[in-house]
Amino acid sequence: APITTPDISTCIPSEQGFNVQDSVRSNQCCPPMMTTTPKDFVFPKDNAIRVRPAAHRATPEYVAKYKAAIQAMRDLPDEHPHSFVQQAKIHCAYCNGGYTQVASGYADKQLQIHNSWLFFPFHRWYLYFYERILGKLIDDPTFALPYWNWDNPAGMSFPAFFETDGKRNPVFDAFRNVNHVSPEVVVDLDYNGSDSGAPCLQQISTNLAAMYKQMVSNATDPLSFFGGEFRAGDDPFGNSDPSVGSIEAGCHTAMHRWTGNPRMPNNEDMGNFYSAGYDPAFYVHHANVDRMWKVWKDLGIKGHNEPTDPDWLNASYVFYDENEELVRVYNKDCVQIENLKYDFELSPLPWLKNRP
Ligand code: C2O
């Protein structure tokens with residue numbers, strides 16, 4: 001049977017669930033209980049497609065709009081389902097033991113959306129609602145999230161708008177690795193906790209080779225790209241731990257660790273599941289992870305398809321949408337992004353030529 005997110009009233013407060021030691025962000029990750037019965041998701045009827053721009057090419061006008069939207073989100077009271085804090089807590093609830101698999105009859109098993117084939121679809125839905133909430137806050141039905149284009153040399157540094165204006169900047173976050181946020185520092189898509197010390201050009205070619213591996217040579221079929229099967233009754237921490245998809249295990253995790261502050265007790269914010277959503281960079285990073293799914297499929301290589309197993313298609317999550325309605329969404333409904341009315345601005349794929 002598929003993983004089914006339970007009624008949000010079953011969300012477990014952290015003291016009883018998976019606790020994070022010495023946390024600097026709240027450990028209380030349950031959503032506001034405005035209602036407990038989710039509605040069925042309805043596809044958006046927007047006239048326009050929201051086109052996500054590459055962060056490094058974003059115009060000053062666009063950046064001002066993006067910052068205004070994040071500021072509006074920060075200005076909401078914390079209990080509001082659209083607030084900055086509640087949006088961050090969604091990640092914590094789905095990753096740090098907020099939910100069990102009780103809806104499928106396994107109250108003793110945790111629901112975990114990482115390290116398996118739930119990774120891409122869960123994060124696609126999470127960003128989908130986050131983006132629409134931001135657009136609504138600034139009354140712009142075409143608003144789209146920027147994507148951090150770390151797979152392209154032009155985007156291989158921390159997007160400058162996150163740091164300019166320092167602390168007055170709504171997309172600034174105090175918990176980042178100060179050695180990495182300068183526009184001169186090239187990202188390390190293989191980052192494992194210590195700086196490679198490689199000169200820029202060499203780091204760029206290592207990054208391109210990593211991308212080729214994770215998008216082509218090590219991602220030849222649905223399970224190697226999306227991650228291993230994870231069904232109702234499976235234990236995310238047991239011996240049957242599913243395999244992690246190539247992008248999730250690779251550049252995705254590397255960029256989390258690279259951005260988080262290693263001096264914080266849990267590498268906050270980006271370096272830990274429970275705190276990652278407090279850094280606006282999280283969503284911009286994940287916009288590119290989401291883009292990788294589309295790019296991988298569009299490469300048109302044999303084997304590059306979504307899983308067809310009903311337990312993948314019918315796995316579901318629950319979110320508050322842009323109208324503060326609680327909705328249940330299924331993996332199968334996020335496969336075609338045209339139906340979700342967003343797309344990505346084109347950017348070259350230089351790693352495609354980097355076959356080792
Ligand atoms: Cu849910 Cu990038 O992690």
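A compact table of results
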| quantity | calculated |
| --- | --- |
| Structure-based [θ]222 nm, the chain - -39500 (n - 2.57) summed over DSSP H runs of at least 4, per residue, nearest 500 | -8500 deg cm²/dmol |
| Under 5 Å, built H, 5+ apart or other chain: amide partners of D343 | R50, V51, R52 |
| From the C-alpha gyration tensor of the chain, square roots of 5λ in Å | 28, 24, 21 |
| Neighbour-count order for R57, R124, fewest beta carbons within 10 angstrom listed first | R57, R124 |
| Sparsely packed trypsin sites (Lys or Arg not before Pro) within region 173-282, loop by DSSP, other Cβ within 10 Å at most 12 | R263 |
| Average Cα contact separation per residue, region 114-249, under 8 Å, 6 or more apart, as relative contact order % | 30 percent |
| Under DSSP loop assignment and at most 11 Cβ neighbours within 10 Å, longest GluC sites (Glu not before Pro)-free interval of the chain | 185-356 |
| Order of S243, S116 - criterion: other Cβ atoms within 10 Å of each residue's Cβ, fewest first | S243, S116 |
| Computed over the chain: relative contact order in percent, which uses C-alpha pairs under 8 Å that are six or more apart | 27 percent |
| Charge dipole magnitude, Cβ of K and R +1, D and E -1 - the chain, Cα centre, debye nearest 20 | 680 debye |
| Computed Rg/Rh of region 27-139, alpha carbon atoms with Kirkwood Rh | 1.00 |
| Kirkwood estimate for region 201-356, i.e. one over the average of 1/r between Cα atoms, Å | 17.5 Å |
| Over region 171-286, relative contact order from alpha-carbon pairs under 8 Å, at least 6 apart, % | 32 percent |
| For the chain, Cys with no neighbouring Cys Cβ under 4.7 Å | C95, C200, C251, C334 |
| Residues S217 and S9, FRET efficiency given R0 of 51 Å [Cβ-Cβ distance, rounded to 0.05] | 0.65 |
| Cα lying deepest toward the dipole's positive end in the chain, options T36, P159, G135, charges on Cβ | P159 |
| Simple Cβ-charge dipole of region 234-305, Lys/Arg +1 and Asp/Glu -1, about Cα centre, in debye nearest 20 | 360 debye |
| Net charge over other residues, Cβ less than 12 angstrom from the Cβ of N314 (K, R count +1; D, E count -1) | 0 |
| Estimated distance in nm for a label pair at N314 and F43, the labels positioned 7 Å out from Cα along Cα-to-Cβ | 2.1 nm |
| Full-stretch length increase - E61, V178 - with 0.36 nm per residue and alpha-carbon distance subtracted | 39.5 nm |
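All of the numbers you see were taken from the coordinates with simple rules; none came from a lab. Quick caveat: nothing in here was measured; it's all calculated off a predicted structure. Glycine also receives a Cβ, built like all others from the backbone with ideal geometry; neighbour counts cover every protein chain displayed.
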